[in-house]
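A.B. asks: Following this message is one structure expressed as structure tokens.
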2 protein chains.
Amino acid sequence: MNHEPLVKPITEKSIHLSDMGSFYVGGRKIKVEGQEPHEVLFSPGATPVTINPNGDYWVEQMYVQYFLPKSDNGGLPLLLWHGGGSTGNIWETTPDGRDGWLNVFLKLGWPVYCSDAVERGRSGWPCSPLDIWKEQPSRASCQDVRDRMRAGPFTVDDDGCVQPNADCQFPFESFDNHMKGNVPRWITTDEAVLAAYTALVERVGPCIILATSQGASFACRVAEARSDIVRGLVLVEPAQAGSGQPLSDDFRVPMLGLFGDYIETDPRWVLNQKNCRDYADAIQSKGAAAEVISLPEIGLSGNTHCMPCERNNAEIAGIIHQWLTDNVSRPSE
Amino acid sequence: MNHEPLVKPITEKSIHLSDMGSFYVGGRKIKVEGQEPHEVLFSPGATPVTINPNGDYWVEQMYVQYFLPKSDNGGLPLLLWHGGGSTGNIWETTPDGRDGWLNVFLKLGWPVYCSDAVERGRSGWPCSPLDIWKEQPSRASCQDVRDRMRAGPFTVDDDGCVQPNADCQFPFESFDNHMKGNVPRWITTDEAVLAAYTALVERVGPCIILATSQGASFACRVAEARSDIVRGLVLVEPAQAGSGQPLSDDFRVPMLGLFGDYIETDPRWVLNQKNCRDYADAIQSKGAAAEVISLPEIGLSGNTHCMPCERNNAEIAGIIHQWLTDNVSRPSE
């Protein structure tokens, strides 16, 4: 199939904002009691400080940074939700130094809210003396991330270096920059993460969620519970599409799913794509628009699981922009 | 002493940027070997994934977000370095929802770089299977932070609520928002933090560091080691001023120190302020401008240790702006 770019390239370099800032949502205050005060030397040569660990602490809150374009496109706020092991950083500059989807969607006129899921990045986590999560977090190695991102075949060049396939869209020459943004993740914090994301949509009001990988499972659960507020869903390589529960009778949230290349090389992604298509069918049966786009089927080859960071990320953002413009009502409508 | 605002209030609401984005600096790659692969269920209902913990990991890198004004004031890039237990978040929106120093300095025309020190926020930290830091991090309780920020006397009102002094500049009605940004800190990571900050100034080039509390001790050490790059230092309530080593013969970095109110209520801060004045004397003896301003002595009362978040933060930023304009050479000069 021939592929023609759906929107014109973004030539604007500057970003004019009516406002930008950050806030926290959700979380709960817990009390620590019965511990002994102790003396701490915060750095060599500094004056010692006596710390009393007893008292109140905030846990499970979520950090959100927002950017409001001076001239917006009339669309609803776009909430960017990252995947597992990441922070909101993945929406900013790409590993090879180009505009990420934060800048691209701002330049397309969308108000953008970029958050760090509970436990990650600037949301913080409950270390000692807080003892609320019994499990330890983990991180993924460079090799593990590379092997699971479905980058297609690798070859060894004449210098003995491992090289990705010629059509690969991920900028592997900057893979180290990508991995520096990888952070610890817990696998038993779903309810806390979900509570904070729910608090976010309640604070922002009518909005569209654009989520990738693990973030997509939270997006579906929040959209299904609060379909009065969530007006559109974009699921980019969702690790899980839909909550697994039947949709309520009044669910009318348009959904766009996007999948990259080499799906057939990983049975887990064959299943994830099938589940997303089933989810689209379920949404359509409620009368809302729903579509799952396989990028290779529209002529874009070589995209991996890390689409927002890839060489053609602006073109893919353009596809999303056009779909949202066509399928999600604006506040004034 | 009568106090007159040193610069006119900022009335501009919008922010016009030539660019914004983020990157990582510093860090090192370490290898994990000899561990058993294990199966992980990332969320209930998801397809199980086999994780191989062996391989390479990045540790001790630092996250940096930058904002470049479309019309800058001709000054050098301003690097904002937070204090202990914080992230770059403290420079963004204040707890009570006003412009923080990131926005204020951007509106004054400075290119601004806002980072999360190694181990905090989006810089990530080396959890399992990485075993490079033997110590556990800790967090500070709401009460501990409040008691150590030198907020002046508190009183109990007719409803039994604890109320700050009438002149207190910290927005205590929003103290919970402030505490939600509090993150774990290690006290044995100074060398890693310092290495990453050094990598930052080497990447940015000639620059000014504006640092607060713990960040100020790193700022001094970096400025003393790289006085060829660091062209100005602003130390806001420095926990430690100067590296403790004699200044080199060619050290010519202008330094402004700022202290808030109620210094005399905490012997540690009496000492910190004295040390900063000694540091100013040492810098002046090298022929560079150096000044320590006690805000109450110029007519501003009620500022605590958390100056960048306080009600008069824009006015204090104006004092810093004027001092930098008067004392730090511009790139074109």
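A.B. asks: Being at pLDDT below 95 and either hydroxyl-bearing (Ser, Thr, Tyr) or open to solvent by less than 30 Å² (accessible area, probe 1.4 Å) (or both) is the filter here; which residues of the stretch B:305-333 pass it?
C.D. replies: B:SER329, B:SER332
A.B. asks: Which one of the conditions (1) assigned to a loop (DSSP other than H, G, I, E, B); (2) over 22 Å from B:GLY83 (Cβ atoms) does B:THR304 fail to meet, given that it meets all the rest?
C.D. replies: So the condition that B:THR304 fails would be (2).
A.B. asks: Now for a separate question. May I ask you to list the residues in the stretch B:71-95 that are part of a loop (DSSP other than H, G, I, E, B) and within 20 Å of B:PHE23 (Cβ to Cβ)?
C.D. replies: Once the filter is applied, which keeps residues that are part of a loop (DSSP other than H, G, I, E, B) and within 20 Å of B:PHE23 (Cβ to Cβ), the stretch B:71-95 yields B:ASP72, B:LEU76, B:PRO77, B:HIS82, B:THR87, B:GLU92.
A.B. asks: Continuing with this model, one more query. Looking only at the stretch B:110-119, decide whether some residue is facing chain A (nearest Cβ under 10 Å) and closer than 20 Å to B:ILE319 by Cβ.
C.D. replies: Looking through the stretch B:110-119, none of the residues is facing chain A (nearest Cβ under 10 Å) and closer than 20 Å to B:ILE319 by Cβ.
A.B. asks: Just one of the numbered conditions (1) in a strand (DSSP E or B); (2) without any contact (Cβ under 8 Å) to a residue 40 or more places away in the chain is not true of B:LEU247; which one?
C.D. replies: Only one criterion in (1) in a strand (DSSP E or B); (2) without any contact (Cβ under 8 Å) to a residue 40 or more places away in the chain is unmet by B:LEU247, namely (1).
A.B. asks: Restricting to the stretch A:31-64, what's the tally of residues that are more than 7 Å from chain B (Cβ to nearest Cβ) and touching a Cys at 6+ places or on another chain (Cβ under 8 Å)?
C.D. replies: Selection size over the stretch A:31-64: 1.
A.B. asks: If you go through the stretch B:292-304, how many residues are over 20 Å from the mean Cα position of the chain (by Cα), buried (at least 18 other Cβ atoms within 10 Å of the Cβ) and of a type in the set (A, V, I, L, M, F, W, C)?
C.D. replies: So the answer is 1.
A.B. asks: Need at least 2 residues that are crowded, with 23+ Cβ neighbours inside 10 Å and out of contact with any Leu (no Cβ under 6 Å at 6 or more places or on another chain) per element, so show me which helices (runs of 4 or more DSSP H) inside the stretch B:96-192 make the cut, counting only ones lying wholly within it. Reasoning before the result, please.
C.D. replies: Details: elements: B:101-107, B:142-148, B:175-180.
Here the list reads B:101-107, B:175-180.
A.B. asks: Would you point out which residue out of A:SER86, A:SER18, A:SER22 is of a type in the set (S, T, N, Q) and touching a Leu at 6+ places or on another chain (Cβ under 7 Å)?
C.D. replies: Among A:SER86, A:SER18, A:SER22, only A:SER18 is of a type in the set (S, T, N, Q) and touching a Leu at 6+ places or on another chain (Cβ under 7 Å).
A.B. asks: Looking at A:SER243 and the list (1) within 26 Å of A:THR304 (Cα to Cα); (2) touching a helix residue (DSSP H, G or I) at 6+ places or on another chain (Cβ under 9 Å); (3) open to solvent by less than 10 Å² (accessible area, probe 1.4 Å); (4) not charged (D, E, K, R), which single condition is not satisfied?
C.D. replies: (3)
A.B. asks: Which condition does A:CYS207 not pass, out of (1) touching a Pro at 6+ places or on another chain (Cβ under 6 Å); (2) open to solvent by 10 Å² or more (accessible area, probe 1.4 Å); (3) over 30 Å from A:SER301 (Cβ atoms), if it passes all the others?
C.D. replies: Failing condition for A:CYS207: (2).
A.B. asks: Further, regarding this structure: Those residues that are among the β-branched types (Val, Ile, Thr) and within 7 Å of chain B (Cβ to nearest Cβ), I need them from the stretch A:127-185; list them, please.
C.D. replies: Taking the stretch A:127-185 as the starting set, the residues that turn out to be among the β-branched types (Val, Ile, Thr) are A:132, A:145, A:155-156, A:162, A:183.
Scanning the stretch A:127-185 gives a single hit, A:VAL183.
A.B. asks: Scan the stretch B:101-134 for residues that are modelled with pLDDT under 95, among the hydrophobic types (A, V, I, L, M, F, W, C) and farther than 19 Å from B:THR87 by Cα and report the count.
C.D. replies: 3
A.B. asks: Name the residues in the stretch A:307-333 that are of a type in the set (Ser, Thr, Tyr) and either assigned to a loop (DSSP other than H, G, I, E, B) or under 18 Å from the mean Cα position of the chain (by Cα) (or both), would you?
C.D. replies: Matches in the stretch A:307-333: A:SER329, A:SER332.
A.B. asks: Can I ask one more? For the stretch A:281-291, indicate whether the set of residues that are within 14 Å of chain B (Cβ to nearest Cβ), open to solvent by 10 Å² or more (accessible area, probe 1.4 Å) and out of contact with any Asp or Glu (no Cβ under 8 Å at 6 or more places or on another chain) is non-empty.
C.D. replies: no
A.B. asks: Does the stretch A:260-269 contain any residue that is away from chain B (no Cβ under 14 Å), free of Cβ contacts under 8 Å to residues at least 60 places away in the same chain, surrounded by fewer than 22 Cβ atoms within 10 Å (Cβ to Cβ) and not in a loop (DSSP other than H, G, I, E, B)?
C.D. replies: yes
A.B. asks: Would you mind stating whether A:VAL234 is among the β-branched types (Val, Ile, Thr), under 26 Å from A:VAL118 (Cβ atoms) and free of Cβ contacts under 8 Å to residues at least 60 places away in the same chain?
C.D. replies: Spelling it out, it is not the case that A:VAL234 is among the β-branched types (Val, Ile, Thr), under 26 Å from A:VAL118 (Cβ atoms) and free of Cβ contacts under 8 Å to residues at least 60 places away in the same chain.
A.B. asks: A further question follows. Looking at the structure I just gave you, is B:PRO254 in contact with a Cys (Cβ under 7 Å, 6 or more places away or on another chain) and buried (at least 19 other Cβ atoms within 10 Å of the Cβ)? Give the derivation first.
C.D. replies: Numbers: in contact with a Cys (Cβ under 7 Å, 6 or more places away or on another chain): no; buried (at least 19 other Cβ atoms within 10 Å of the Cβ): yes.
Against the criterion (in contact with a Cys (Cβ under 7 Å, 6 or more places away or on another chain) and buried (at least 19 other Cβ atoms within 10 Å of the Cβ)), B:PRO254 does not qualify.
A.B. asks: Moving to a separate point now. Just to verify a result, which residue in the stretch A:29-70, among those that are in a loop (DSSP other than H, G, I, E, B) and of a type in the set (D, E, K, R), is surrounded by the most Cβ atoms within 10 Å (Cβ to Cβ)?
C.D. replies: Filtering the stretch A:29-70 for residues that are in a loop (DSSP other than H, G, I, E, B) and of a type in the set (D, E, K, R), the one surrounded by the most Cβ atoms within 10 Å (Cβ to Cβ) comes out as A:LYS70.
A.B. asks: When the residues of the stretch B:8-30 are filtered to those that are facing chain A (nearest Cβ under 9 Å) and basic (Lys, Arg), which remaining residue is nearest to the chain's Cα centre (by Cα)?
C.D. replies: B:LYS13
A.B. asks: How many of the residues making up the stretch A:210-240 are in a strand (DSSP E or B), open to solvent by 10 Å² or more (accessible area, probe 1.4 Å) and away from chain B (no Cβ under 14 Å)?
C.D. replies: Within the stretch A:210-240, residues that are in a strand (DSSP E or B), open to solvent by 10 Å² or more (accessible area, probe 1.4 Å) and away from chain B (no Cβ under 14 Å) number 1.
The values are calculated or read from the model by the stated rules, or taken from the named source; none is laboratory data. Note that the structure is predicted; figures quoted are calculated from it, not measured. Note that each Cβ is placed from the backbone with ideal geometry, even for glycine, and that neighbours are counted across all protein chains shown. SASA here: full protein model, heavy atoms, side chains in, ligands and nucleic acids out. Shrake-Rupley method; radii C 1.70, N 1.55, O 1.52, S 1.80 Å.
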